[in-house]
1. What are the residues in region 94-112 that are farther than 17 Å from residue 72 by Cβ, open to solvent by 40 Å² or more (accessible area, probe 1.4 Å) and either in contact with a helix residue (DSSP H, G or I) (Cβ under 8 Å, 6 or more places away or on another chain) or modelled with pLDDT under 85 (or both), if any?
2. With the checklist (1) surrounded by 14 or more Cβ atoms within 10 Å (Cβ to Cβ); (2) closer than 20 Å to residue 127 by Cα in hand, flag the one item residue 55 doesn't pass.
3. Does residue 15 meet the test of being touching a helix residue (DSSP H, G or I) at 6+ places or on another chain (Cβ under 8 Å), among the β-branched types (Val, Ile, Thr) and open to solvent by 60 Å² or more (accessible area, probe 1.4 Å)?
Amino acid sequence: MVVAKQMLFDVNLNISSLHKGLAGCIYSLVLVELWLTSLSSLVIILLSLVVLVHGWFYSQRYIFSSVEVIRFYQGGWRIKKSGQWYKAWPKGQAVVTSSFMLLPFKIESPKGEARLTVIIFPDSADVYQRHALRLSIVLNGFKPDLC
């Protein structure tokens, strides 16, 4: 029997075209719906600006977040972001489906602790790496020591 603390796996992440397209469609539909309402033009313009700013921040945080690698080794998580490795701990529940994975982490950075949510779509990582991560989370759970 293999002990979970001895596992090593990396998931190399890329920017997901599927995620970009899905977010773009959703924000576009929200804007179209706004412009088809009977609100005054000033309110529509202000709400459109709010939607656009939210879309910008969403894309910077979740699509172009520069998370390069997620690594699990010897019972601990590591995240490589912008060329630097950070210690990470699971924070909350993970959502794991065959279509995507949503993994909330707490990372230790030079500025202090920060929350980081990693969203993995099918085209953002290698099939075998995603499968290993998904299988590990389903079998062992998503908790700090993964066992």
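The values are calculated or read from the model by the stated rules, or taken from the named source; none is laboratory data. A quick note: this is a predicted structure, and the numbers were derived from the prediction, not measured. Every residue, glycine as well, gets a Cβ built from its backbone with ideal geometry; the counts of neighbours run over all protein chains shown. Surface accessibility is based on the protein's heavy atoms, side chains included, excluding ligands, DNA and RNA. Shrake-Rupley method; radii C 1.70, N 1.55, O 1.52, S 1.80 Å.
1. Applying the first criterion (farther than 17 Å from residue 72 by Cβ) to region 94-112 yields 95, 97-100, 109-112.
When the remaining residues are screened for being open to solvent by 40 Å² or more (accessible area, probe 1.4 Å), the result is 95, 97-100, 110-111.
Hits for region 94-112 are 98, 99, 100, 110, 111.
2. (2)
3. Numbers: touching a helix residue (DSSP H, G or I) at 6+ places or on another chain (Cβ under 8 Å): yes; among the β-branched types (Val, Ile, Thr): yes; open to solvent by 60 Å² or more (accessible area, probe 1.4 Å): yes.
Taking the combined requirement at face value, the residue satisfies it.
Per-residue answers, yes or no, for (1) open to solvent by 80 Å² or more (accessible area, probe 1.4 Å); (2) over 24 Å from residue 131 (Cβ atoms); (3) touching a helix residue (DSSP H, G or I) at 6+ places or on another chain (Cβ under 6 Å); (4) part of a strand (DSSP E or B):
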{"residue": "23", "(1), (2), (3), (4)": "no, yes, no, no"}
{"residue": "34", "(1), (2), (3), (4)": "no, yes, yes, no"}
{"residue": "51", "(1), (2), (3), (4)": "no, yes, yes, no"}
{"residue": "62", "(1), (2), (3), (4)": "no, no, no, no"}
{"residue": "65", "(1), (2), (3), (4)": "no, no, no, no"}
{"residue": "77", "(1), (2), (3), (4)": "no, no, no, yes"}
{"residue": "87", "(1), (2), (3), (4)": "yes, yes, no, yes"}
